[in-house]
1. Residue B:135 fails exactly one of the following numbered conditions: (1) open to solvent by 50 Å² or more (accessible area, probe 1.4 Å); (2) more than 13 Å from DNA strand C (Cβ to nearest atom). What is the number of that condition?
2. In region B:38-68, what count of residues is obtained for those that are over 12 Å from the mean Cα position of the chain (by Cα) and of a type in the set (Lys, Arg)?
3. Taking the conditions exactly as written (over 15 Å from the mean Cα position of the chain (by Cα), within 16 Å of DNA strand C (Cβ to nearest atom) and basic (Lys, Arg)), does residue B:29 satisfy them or not?
4. Identify the single condition in (1) in a loop (DSSP other than H, G, I, E, B); (2) surrounded by 14 or more Cβ atoms within 10 Å (Cβ to Cβ) that residue B:74 does not satisfy, given that it satisfies every other one.
5. Given the conditions (1) crowded, with 18+ Cβ neighbours inside 10 Å; (2) over 30 Å from residue B:118 (Cα atoms); (3) not hydroxyl-bearing (Ser, Thr, Tyr), which single one is not true for residue A:67?
6. Within region B:22-32, is there a residue that is crowded, with 18+ Cβ neighbours inside 10 Å and not in a helix (DSSP H, G or I)?
7. Which numbered condition trips up residue A:53, out of (1) open to solvent by 40 Å² or more (accessible area, probe 1.4 Å); (2) more than 15 Å from DNA strand D (Cβ to nearest atom); (3) modelled with pLDDT under 95?
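The values are calculated or read from the model by the stated rules, or taken from the named source; none is laboratory data. Please read all numbers here as calculations on a predicted model, not as lab measurements. No Cβ is skipped: glycine too gets one built from the backbone with ideal geometry, and neighbour counts run over all protein chains shown. Remember, those area values only see protein heavy atoms, side chains included, never the ligands or the DNA or RNA. Shrake-Rupley method; radii C 1.70, N 1.55, O 1.52, S 1.80 Å.
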Number of protein chains: 2
Amino acid sequence: MDRLTTRAMAERLREAGIPVTLQRLEIARVMLQQPVHLSADQILSAVRATVPETSRATVYNTLKLFREKKLVRELIVDPDRVVFDSNTDPHYHLYDVNTGELTDVSADELRVIGVPQLPPDIELEEVDVIIRVRGKRT
Amino acid sequence: MDRLTTRAMAERLREAGIPVTLQRLEIARVMLQQPVHLSADQILSAVRATVPETSRATVYNTLKLFREKKLVRELIVDPDRVVFDSNTDPHYHLYDVNTGELTDVSADELRVIGVPQLPPDIELEEVDVIIRVRGKRT
DNA sequence: ATTTTTGCAAATGATTTGCATTCAT
DNA sequence: ATGAATGCAAATCATTTGCAAAAAT
């Protein structure tokens, strides 16, 4: 990949307060260059295509780190695998339970009205909306 | 438990087209007598309190069956465990990421506006809303 | 008799962990 | 040197599966 992207990603990590390492940079390129929905395993494969000496544990560590720094979101959509989402704009999801395909629904299109008032000792983390659909029987 | 409840639960299963067995009846009592949010393991424990000769596999089988018959919903809220919800009214959820506590939010209180139009070959399964909150640090 | 349901134990698969090594400061 | 980051393999844990025994029709 071009040096340009590498620089941009490194910059992005530093901004987030994440020390740059080779593996983190590569994971950033896979995840942060454009909005994607990927499982840990897909990310591992993609990263290993370029940096084969990358361990599964590092991918999990890094994704957890990225999540803490709000570079990615963890989507709990399928009981079998977590999906990491690099779209950081407020948005919701449409999920095809047959194919597993995930599509973003922007917060402009969809509104959630009536989120309950929270007591002062409870803070709102986020509101997830998952529109589960089923493509017709194959 | 009183015979009354047993009868009611048996009736409920038959209505759903589920042949009644001892284990299913017991699981129905745990789940369907009142709205609850329980993990498979919690259900297994509760059932074994009364019918100790109950296997984990049967609990999973039965829950899957109940789900197909729309007696319970599967909530994908925590990556580590599926929660089974016996509230069959349309409703949403508030989830405390610290405690794991789940609270229902009725569909009267909360509305989702702008669910995208679906092509005719795609049918809407359901719309999940999870309001993730964080109780102040303990 | 045949089909359904169950229990048990083993298999699976995603994620985590412990620990020794390597890297950065 | 010291602490952070990594790789590796083993551990964990929820869920699933294969199969034989028990129950229902």
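1. (1)
2. Summing the residues that are over 12 Å from the mean Cα position of the chain (by Cα) and of a type in the set (Lys, Arg) in region B:38-68 gives 2.
3. no
4. In the conditions (1) in a loop (DSSP other than H, G, I, E, B); (2) surrounded by 14 or more Cβ atoms within 10 Å (Cβ to Cβ), residue B:74 misses (1) alone.
5. In the conditions (1) crowded, with 18+ Cβ neighbours inside 10 Å; (2) over 30 Å from residue B:118 (Cα atoms); (3) not hydroxyl-bearing (Ser, Thr, Tyr), residue A:67 misses (1) alone.
6. no
7. Of (1) open to solvent by 40 Å² or more (accessible area, probe 1.4 Å); (2) more than 15 Å from DNA strand D (Cβ to nearest atom); (3) modelled with pLDDT under 95, only one is false for residue A:53: (2).
Residues are listed down the side, and each one gets a yes or a no for (1) among the basic types (Lys, Arg); (2) over 29 Å from residue A:131 (Cα atoms); (3) touching a residue at least 40 places away in the same chain (Cβ under 8 Å):
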| position | (1), (2), (3) |
| --- | --- |
| B:17 | no, no, yes |
| B:24 | yes, yes, yes |
| B:47 | no, yes, no |
| B:55 | no, yes, no |
| B:59 | no, no, no |
| B:71 | no, no, yes |
| B:76 | no, no, yes |
| B:79 | no, no, no |
